[in-house]
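Each remark here refers to the structure printed beneath this line.
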Amino acid sequence: MVETWTGSYSKLALFEKCPRAYFYKYIQGLEYSTPALELGKRIHEGIARFITTGEETAEIADFLTGKVYALKGTPQEFVERPIRFSVDGIQMDGVIDVVANGQIIDWKTNWVKNSDPRQLLLYTHGARQEGLDVEKALFHYLRYAEDVEIDLQEENIQKTLDWTKQMLENIAECQFDYDLSEDIEVFPKTSDFGVCLKCPYKSLCNSVSTAEDVIKLAKEIEELENLLELKKEMLRDYIEEFGEVNTGTSVWKLTVVNNWDFDTRKVYDYIQSLGKDPLQFLNCTLTNLKKLKITEQELEHLGTKRVTYRLTKTKNKEAR
(Lines give C-alpha, C1' and ligand atoms only; values in the text may rest on other atoms or scores of the structure.)
Protein backbone atom coordinates (compact mmCIF):
# COMPACT_ATOMS: atom_id res chain seq x y z
CA MET A 1 0.00 0.00 0.00
CA VAL A 2 2.73 2.49 0.97
CA GLU A 3 4.45 2.00 -2.40
CA THR A 4 1.43 2.67 -4.61
CA TRP A 5 -0.98 4.71 -2.49
CA THR A 6 -1.03 8.50 -2.84
CA GLY A 7 -2.27 10.71 -0.04
CA SER A 8 -4.06 14.05 -0.14
CA TYR A 9 -5.50 16.56 2.30
CA SER A 10 -9.02 15.47 1.28
CA LYS A 11 -8.29 11.85 2.16
CA LEU A 12 -6.79 12.74 5.52
CA ALA A 13 -9.62 15.11 6.44
CA LEU A 14 -12.32 12.58 5.51
CA PHE A 15 -10.59 9.80 7.47
CA GLU A 16 -10.35 12.07 10.50
CA LYS A 17 -14.08 12.86 10.28
CA CYS A 18 -15.15 9.27 9.74
CA PRO A 19 -12.99 6.27 8.82
CA ARG A 20 -16.09 4.45 7.55
CA ALA A 21 -16.86 7.25 5.07
CA TYR A 22 -13.22 7.07 3.96
CA PHE A 23 -13.69 3.34 3.36
CA TYR A 24 -16.75 3.88 1.17
CA LYS A 25 -15.10 6.60 -0.91
CA TYR A 26 -11.50 5.49 -1.25
CA ILE A 27 -11.55 1.72 -0.67
CA GLN A 28 -14.85 0.80 -2.29
CA GLY A 29 -14.69 3.69 -4.76
CA LEU A 30 -18.26 4.86 -4.13
CA GLU A 31 -18.14 8.38 -5.53
CA TYR A 32 -20.77 10.91 -4.59
CA SER A 33 -21.77 14.45 -5.37
CA THR A 34 -24.07 17.12 -3.98
CA PRO A 35 -25.46 20.33 -5.51
CA ALA A 36 -23.00 22.33 -3.38
CA LEU A 37 -20.03 20.27 -4.55
CA GLU A 38 -21.11 20.50 -8.18
CA LEU A 39 -21.53 24.27 -7.91
CA GLY A 40 -18.13 24.64 -6.27
CA LYS A 41 -16.50 22.60 -9.03
CA ARG A 42 -18.12 24.66 -11.80
CA ILE A 43 -17.21 27.97 -10.14
CA HIS A 44 -13.58 26.88 -9.68
CA GLU A 45 -13.36 25.84 -13.33
CA GLY A 46 -15.07 29.04 -14.48
CA ILE A 47 -12.77 31.28 -12.46
CA ALA A 48 -9.71 29.42 -13.78
CA ARG A 49 -10.88 30.08 -17.36
CA PHE A 50 -11.62 33.73 -16.56
CA ILE A 51 -8.17 34.31 -15.06
CA THR A 52 -6.29 32.62 -17.89
CA THR A 53 -8.45 33.48 -20.94
CA GLY A 54 -10.77 36.29 -19.85
CA GLU A 55 -13.87 34.18 -20.59
CA GLU A 56 -16.74 35.30 -18.37
CA THR A 57 -19.97 33.34 -17.97
CA ALA A 58 -23.23 34.28 -16.27
CA GLU A 59 -22.76 31.54 -13.67
CA ILE A 60 -19.53 33.00 -12.28
CA ALA A 61 -20.54 36.67 -12.55
CA ASP A 62 -21.51 36.96 -8.87
CA PHE A 63 -18.23 35.34 -7.81
CA LEU A 64 -15.88 37.67 -9.70
CA THR A 65 -14.51 39.65 -6.78
CA GLY A 66 -11.84 42.33 -6.92
CA LYS A 67 -9.19 39.76 -6.08
CA VAL A 68 -10.28 37.57 -8.99
CA TYR A 69 -10.12 40.54 -11.40
CA ALA A 70 -6.68 41.48 -10.05
CA LEU A 71 -5.36 38.03 -11.01
CA LYS A 72 -6.70 38.17 -14.56
CA GLY A 73 -3.91 37.32 -16.99
CA THR A 74 -2.02 35.03 -14.61
CA PRO A 75 -0.21 32.39 -16.71
CA GLN A 76 -1.83 28.98 -16.99
CA GLU A 77 0.98 27.22 -15.12
CA PHE A 78 0.12 29.10 -11.92
CA VAL A 79 -3.63 28.39 -12.02
CA GLU A 80 -5.04 25.06 -10.82
CA ARG A 81 -1.41 24.22 -10.12
CA PRO A 82 -0.86 20.53 -9.23
CA ILE A 83 1.79 19.77 -6.63
CA ARG A 84 3.37 16.46 -5.67
CA PHE A 85 5.45 16.15 -2.53
CA SER A 86 6.19 13.69 0.24
CA VAL A 87 5.53 13.53 3.96
CA ASP A 88 7.33 10.89 5.98
CA GLY A 89 8.11 9.04 2.77
CA ILE A 90 4.49 8.97 1.59
CA GLN A 91 3.65 10.65 -1.74
CA MET A 92 1.07 13.41 -1.45
CA ASP A 93 -0.89 15.24 -4.15
CA GLY A 94 -2.72 18.53 -4.18
CA VAL A 95 -4.06 21.22 -6.49
CA ILE A 96 -3.57 24.90 -5.65
CA ASP A 97 -6.20 27.21 -7.14
CA VAL A 98 -3.71 30.03 -7.69
CA VAL A 99 -0.05 30.38 -6.73
CA ALA A 100 1.37 33.74 -7.76
CA ASN A 101 3.25 36.71 -6.36
CA GLY A 102 4.53 34.62 -3.47
CA GLN A 103 1.08 33.62 -2.27
CA ILE A 104 -1.27 30.65 -2.37
CA ILE A 105 -4.95 31.40 -2.87
CA ASP A 106 -7.77 28.89 -2.38
CA TRP A 107 -11.21 29.90 -3.63
CA LYS A 108 -14.14 29.01 -1.36
CA THR A 109 -17.81 29.12 -2.34
CA ASN A 110 -18.93 28.21 1.20
CA TRP A 111 -21.55 30.27 2.96
CA VAL A 112 -19.81 29.45 6.25
CA LYS A 113 -16.27 30.70 6.67
CA ASN A 114 -14.87 27.67 8.47
CA SER A 115 -12.25 26.17 6.15
CA ASP A 116 -9.49 24.13 7.75
CA PRO A 117 -6.17 26.05 7.83
CA ARG A 118 -4.29 22.72 7.74
CA GLN A 119 -5.18 22.45 4.06
CA LEU A 120 -3.15 25.54 3.16
CA LEU A 121 -0.41 24.76 5.67
CA LEU A 122 0.06 21.39 3.98
CA TYR A 123 -0.07 22.98 0.52
CA THR A 124 2.52 25.54 1.61
CA HIS A 125 4.86 22.76 2.71
CA GLY A 126 4.29 20.92 -0.57
CA ALA A 127 4.74 24.00 -2.74
CA ARG A 128 7.97 24.93 -1.02
CA GLN A 129 9.18 21.34 -1.41
CA GLU A 130 8.63 21.80 -5.15
CA GLY A 131 10.69 24.98 -5.08
CA LEU A 132 7.83 27.50 -5.24
CA ASP A 133 8.15 30.78 -3.37
CA VAL A 134 5.30 30.97 -0.83
CA GLU A 135 5.21 33.79 1.72
CA LYS A 136 1.45 34.04 2.19
CA ALA A 137 -1.52 31.64 2.05
CA LEU A 138 -5.18 32.56 2.25
CA PHE A 139 -8.72 31.40 1.70
CA HIS A 140 -10.76 33.81 -0.40
CA TYR A 141 -14.49 33.49 0.30
CA LEU A 142 -16.06 34.45 -3.00
CA ARG A 143 -19.55 35.11 -1.65
CA TYR A 144 -18.18 37.75 0.72
CA ALA A 145 -15.10 38.94 -1.25
CA GLU A 146 -13.21 38.33 1.97
CA ASP A 147 -9.72 36.95 2.66
CA VAL A 148 -8.83 34.77 5.62
CA GLU A 149 -5.06 34.62 5.83
CA ILE A 150 -3.34 31.59 7.38
CA ASP A 151 -0.46 32.01 9.82
CA LEU A 152 2.49 30.29 8.14
CA GLN A 153 4.75 30.16 11.19
CA GLU A 154 6.98 27.10 11.14
CA GLU A 155 5.35 25.87 14.33
CA ASN A 156 1.96 25.72 12.63
CA ILE A 157 3.35 23.93 9.59
CA GLN A 158 5.09 21.39 11.84
CA LYS A 159 1.87 20.71 13.76
CA THR A 160 0.12 20.10 10.44
CA LEU A 161 2.88 17.73 9.33
CA ASP A 162 2.60 15.87 12.65
CA TRP A 163 -1.15 15.57 12.09
CA THR A 164 -0.52 14.38 8.53
CA LYS A 165 1.91 11.70 9.69
CA GLN A 166 -0.56 10.51 12.35
CA MET A 167 -3.42 10.29 9.86
CA LEU A 168 -1.22 8.46 7.35
CA GLU A 169 -0.23 5.99 10.05
CA ASN A 170 -3.85 5.45 11.11
CA ILE A 171 -4.97 4.92 7.52
CA ALA A 172 -2.13 2.45 6.92
CA GLU A 173 -3.07 0.46 10.02
CA CYS A 174 -6.73 0.25 9.02
CA GLN A 175 -5.81 -0.70 5.47
CA PHE A 176 -3.43 -3.42 6.71
CA ASP A 177 -6.09 -4.89 9.01
CA TYR A 178 -8.67 -4.76 6.23
CA ASP A 179 -6.32 -6.49 3.76
CA LEU A 180 -5.98 -9.35 6.25
CA SER A 181 -9.59 -9.63 7.38
CA GLU A 182 -11.76 -7.85 4.77
CA ASP A 183 -13.78 -6.74 7.78
CA ILE A 184 -15.37 -3.33 7.29
CA GLU A 185 -15.43 -2.82 11.05
CA VAL A 186 -11.70 -2.03 11.04
CA PHE A 187 -12.82 1.32 9.59
CA PRO A 188 -15.00 2.50 12.52
CA LYS A 189 -17.95 4.83 12.23
CA THR A 190 -17.75 8.29 13.73
CA SER A 191 -19.59 8.94 16.98
CA ASP A 192 -20.38 12.52 15.90
CA PHE A 193 -24.04 12.63 14.83
CA GLY A 194 -23.46 16.03 13.22
CA VAL A 195 -21.00 14.45 10.79
CA CYS A 196 -23.44 11.61 10.08
CA LEU A 197 -26.29 13.99 9.19
CA LYS A 198 -24.20 15.67 6.48
CA CYS A 199 -22.61 12.48 5.17
CA PRO A 200 -23.67 11.30 1.69
CA TYR A 201 -23.15 7.69 2.82
CA LYS A 202 -25.50 7.87 5.83
CA SER A 203 -28.22 5.73 4.22
CA LEU A 204 -25.74 3.06 3.19
CA CYS A 205 -23.89 3.16 6.48
CA ASN A 206 -26.97 3.00 8.71
CA SER A 207 -29.23 0.80 6.62
CA VAL A 208 -31.50 -1.74 8.34
CA SER A 209 -32.36 -5.04 6.69
CA THR A 210 -33.77 -7.31 9.40
CA ALA A 211 -36.61 -7.11 11.91
CA GLU A 212 -34.03 -7.10 14.71
CA ASP A 213 -32.28 -4.11 13.13
CA VAL A 214 -35.55 -2.20 12.89
CA ILE A 215 -36.52 -2.91 16.50
CA LYS A 216 -33.06 -1.88 17.67
CA LEU A 217 -33.30 1.35 15.66
CA ALA A 218 -36.74 2.19 17.06
CA LYS A 219 -35.55 1.57 20.64
CA GLU A 220 -32.53 3.82 20.06
CA ILE A 221 -34.85 6.59 18.84
CA GLU A 222 -37.03 6.19 21.95
CA GLU A 223 -34.00 6.41 24.22
CA LEU A 224 -32.71 9.50 22.42
CA GLU A 225 -36.13 11.19 22.58
CA ASN A 226 -36.40 10.52 26.30
CA LEU A 227 -32.88 11.79 26.88
CA LEU A 228 -33.59 14.89 24.77
CA GLU A 229 -36.74 15.72 26.76
CA LEU A 230 -34.85 15.30 30.04
CA LYS A 231 -32.01 17.54 28.90
CA LYS A 232 -34.45 20.20 27.64
CA GLU A 233 -36.19 20.25 31.01
CA MET A 234 -32.85 20.59 32.78
CA LEU A 235 -31.88 23.46 30.47
CA ARG A 236 -35.25 25.15 30.94
CA ASP A 237 -34.92 24.97 34.74
CA TYR A 238 -31.46 26.54 34.57
CA ILE A 239 -32.58 29.36 32.25
CA GLU A 240 -35.60 30.13 34.44
CA GLU A 241 -33.26 30.70 37.37
CA PHE A 242 -30.11 32.16 35.81
CA GLY A 243 -31.07 33.48 32.37
CA GLU A 244 -30.09 32.74 28.78
CA VAL A 245 -27.23 30.44 27.77
CA ASN A 246 -24.81 31.27 24.93
CA THR A 247 -23.03 28.23 23.47
CA GLY A 248 -21.07 30.24 20.91
CA THR A 249 -23.18 28.90 18.05
CA SER A 250 -26.65 29.39 19.57
CA VAL A 251 -28.39 31.36 22.29
CA TRP A 252 -30.90 29.44 24.42
CA LYS A 253 -33.54 31.47 26.21
CA LEU A 254 -37.20 31.45 27.19
CA THR A 255 -39.39 33.47 24.86
CA VAL A 256 -42.95 34.63 25.27
CA VAL A 257 -45.48 32.92 23.02
CA ASN A 258 -48.82 34.70 22.65
CA ASN A 259 -51.87 32.63 21.74
CA TRP A 260 -55.18 34.22 20.87
CA ASP A 261 -58.73 32.90 20.88
CA PHE A 262 -60.71 35.06 18.46
CA ASP A 263 -64.45 35.57 18.28
CA THR A 264 -65.11 34.37 14.72
CA ARG A 265 -68.25 36.53 14.28
CA LYS A 266 -66.44 39.69 15.38
CA VAL A 267 -63.51 38.95 13.09
CA TYR A 268 -65.88 38.29 10.19
CA ASP A 269 -67.74 41.57 10.73
CA TYR A 270 -64.49 43.53 11.15
CA ILE A 271 -62.96 42.26 7.90
CA GLN A 272 -66.22 42.99 6.12
CA SER A 273 -66.17 46.56 7.52
CA LEU A 274 -62.79 47.03 5.81
CA GLY A 275 -64.41 46.30 2.47
CA LYS A 276 -62.69 42.93 2.07
CA ASP A 277 -63.99 39.40 1.62
CA PRO A 278 -63.76 37.59 5.00
CA LEU A 279 -63.57 34.21 3.24
CA GLN A 280 -60.07 35.14 1.99
CA PHE A 281 -58.82 35.44 5.58
CA LEU A 282 -60.77 32.79 7.52
CA ASN A 283 -59.38 29.27 7.33
CA CYS A 284 -61.42 26.07 7.57
CA THR A 285 -59.75 23.20 9.41
CA LEU A 286 -60.51 19.50 9.22
CA THR A 287 -60.90 19.39 13.00
CA ASN A 288 -63.70 21.96 12.94
CA LEU A 289 -65.43 20.41 9.93
CA LYS A 290 -65.46 17.00 11.61
CA LYS A 291 -67.52 18.51 14.41
CA LEU A 292 -70.32 18.61 11.84
CA LYS A 293 -70.06 14.81 11.59
CA ILE A 294 -69.90 14.94 7.82
CA THR A 295 -68.76 11.94 5.78
CA GLU A 296 -65.48 11.44 3.87
CA GLN A 297 -67.44 11.68 0.62
CA GLU A 298 -68.88 15.04 1.63
CA LEU A 299 -65.43 16.27 2.58
CA GLU A 300 -64.19 15.46 -0.94
CA HIS A 301 -66.79 17.88 -2.35
CA LEU A 302 -65.49 20.64 -0.08
CA GLY A 303 -61.75 20.35 -0.69
CA THR A 304 -58.78 18.39 -2.02
CA LYS A 305 -57.39 15.53 0.00
CA ARG A 306 -53.60 15.40 0.40
CA VAL A 307 -52.02 12.22 1.71
CA THR A 308 -48.72 12.47 3.61
CA TYR A 309 -47.00 10.13 6.03
CA ARG A 310 -45.71 11.07 9.46
CA LEU A 311 -43.61 8.88 11.71
CA THR A 312 -45.48 8.41 15.00
CA LYS A 313 -45.36 6.13 18.00
CA THR A 314 -48.11 5.02 20.38
CA LYS A 315 -47.95 3.39 23.77
CA ASN A 316 -47.83 -0.42 23.64
CA LYS A 317 -50.78 -1.54 25.79
CA GLU A 318 -49.14 -4.91 26.35
CA ALA A 319 -45.98 -3.34 27.78
CA ARG A 320 -45.69 -3.56 31.54
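Computed FRET efficiency, Cβ-Cβ of Lys219 and Ile294, R0 45 Å: what is it to the nearest 0.05? Efficiency at R0 = 45 Å is approximately 0.65. Full extension of the segment from Glu185 to Thr210, taken as 0.36 nm per residue of separation minus the current Cα-Cα distance, would add 7.1 nm. Between Thr308 and Phe242, the distance separating the two model label sites (each 7 Å from Cα on the Cα→Cβ line) works out to 3.8 nm. For the stretch 82-97, putting each phi into the Karplus relation 6.51 cos²θ - 1.76 cosθ + 1.60 with θ = phi - 60° gives couplings of x, 10, 9, 8, 10, 10, 6, x, 9, 6, 10, 10, x, 10, 9, 4 Hz, in residue order, rounded to whole numbers and with x for Gly and Pro. Each of [x] 25.8; [y] 21.0; [z] 20.1 is a candidate for Kirkwood radius over Cα pairs in Å; the one calculated from this structure is [x]. Under 5 Å from the amide H of Ile150 lie the amide H atoms of Ala137, Leu138, Phe139, each residue being 5 or more positions distant or on a separate chain, with H modelled from the backbone and absent for Pro and chain starts. Rounded to the nearest 5, the antiparallel percentage of DSSP beta bridges internal to the stretch 82-174 is 70%. Each label point was placed 7 Å from the Cα along the Cα-to-Cβ direction; for Thr287 and Leu37 their separation is 4.4 nm.
So which lysines can Lys305 reach, going by Cα to Cα under 20 Å and dropping same-chain residues fewer than 8 places off? Those lysines meeting the cut-off are Lys290, Lys291, Lys293.
Taking label positions 7 Å along the Cα-Cβ direction at both Lys231 and His301, the computed distance is 5.3 nm, reported to one decimal.
For the stretch 289-295, 3J(HN,Hα) computed residue by residue from phi via the Karplus equation (6.51, -1.76, 1.60; θ = phi - 60°) reads 5, 5, 5, 7, 6, 8, 7 Hz, glycine and proline entered as x. With all protein chains in place and ligands, DNA and RNA left out, the 1.4 Å accessible area ranks Val256, Val79 as Val256, Val79, largest first. Extension gain for Trp111 to Asp177 (0.36 nm times residue separation, less C-alpha to C-alpha distance): 19.9 nm. Expressed as a whole percent, the proportion of Cα-Cα pairs in the stretch 1-111 lying more than 18 Å apart is 60%.
For Ala100, the amide hydrogen comes within under 5 Å of the amide hydrogens of Ile105, counting only partners 5 or more places away or on other chains and with H modelled in the peptide plane. Split the accessible area of the stretch 142-298 by element, probe 1.4 Å, and carbon with sulfur accounts for 53%. Per residue, the chain exposes 71 Å² of solvent-accessible protein surface, assessed with a 1.4 angstrom probe and all protein chains in place. Across Ser203, Ser10, the residue with the most accessible area heads the list, and the full order at a 1.4 Å probe is Ser203, Ser10. Structure shown: which of Lys108/Lys165; Lys17/Lys72; Lys189/Lys219; Lys159/Lys231; Lys72/Lys165 lie over 29 Å apart, alpha-carbon to alpha-carbon? Those over the limit are Lys17/Lys72; Lys159/Lys231; Lys72/Lys165.
The values are calculated or read from the model by the stated rules, or taken from the named source; none is laboratory data. Since we're looking at a predicted model, the values are computed, not measured. Methodologically, a virtual Cβ is constructed for each residue, glycine included, from the backbone with ideal geometry; neighbour enumeration extends over all protein chains shown. Side chains are part of the model used for accessible areas, which takes the heavy atoms of the whole protein and leaves out ligands, DNA and RNA. Shrake-Rupley method; radii C 1.70, N 1.55, O 1.52, S 1.80 Å.
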